[in-house]
Amino acid sequence: MSRLRAPKPMFAIVETSGRQFRVAEGDRIVVDRVAAKVGETVRLDSVLMVAGGADPAIGTPFIAGAAVEATVVAHRSGDKVIVFKYRPKKRERRKVGHRRLLSEIRIGAIRRPGQAESTSDEPTQITPAPAGRKRTAARKEKGATHGA
């Protein structure tokens, strides 16, 4: 007696923001800030694996021609992280905090190599948002002009 198995849903493993995510159509993931406005479509080209169909495709390290299309849902800040450095008996204390800038994206379509592109508006390549000026650089510049 043989049992028929339902086909597995298609999923992909993509790399973005220095991390790897297992995504399927409709999933929402939180990544580092994307340089796209809310509602715009972005394209993730760093696809490591596509599976769930007849045969899985595995890249070395990436699959040429494969892509994942996603829509930016929201931009937000991450949890506050406080870094406190302390040296006992030296009167040395330093407290610095920061919040990561994040984007929430919804996975739209997973494209295998050679699959036809969607006819919707042209998706843009995902790129991290430009980082702001670091405070340490400003302090160094200020210190360099102060002593002259």
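Of note:
- Residue check for residue 26: touching a residue at least 40 places away in the same chain (Cβ under 8 Å) and not in a strand (DSSP E or B): yes
- Some residue of the range 78-101 being surrounded by 11 or more Cβ atoms within 10 Å (Cβ to Cβ), assigned to a strand (DSSP E or B), at pLDDT 90 or above and of a type in the set (Ser, Thr, Tyr): no
- Residue list for the range 102-122, restricted to those being among the acidic types (Asp, Glu) and either part of a strand (DSSP E or B) or at pLDDT 95 or above (or both): 104
- The single condition among (1) at negative phi; (2) surrounded by 15 or more Cβ atoms within 10 Å (Cβ to Cβ) that residue 17 does not satisfy is (1).
- Qualifying residue in the range 55-75 (condition: surrounded by 10 or more Cβ atoms within 10 Å (Cβ to Cβ), over 18 Å from residue 12 (Cβ atoms), at pLDDT 95 or above and not aliphatic (A, V, I, L, M)): yes
- When residue 10 is tested against (1) in contact with a strand residue (DSSP E or B) (Cβ under 6 Å, 6 or more places away or on another chain); (2) exposed (fewer than 13 other Cβ atoms within 10 Å of the Cβ); (3) among the aliphatic types (A, V, I, L, M), just one condition goes unmet, and that condition is (2).
The values are calculated or read from the model by the stated rules, or taken from the named source; none is laboratory data. It should be emphasised that the depicted structure is a prediction, and the values quoted were computed from it without experimental measurement. Positions of Cβ are generated from backbone atoms using ideal geometry, with glycine treated the same way; all protein chains shown enter the neighbour counts.
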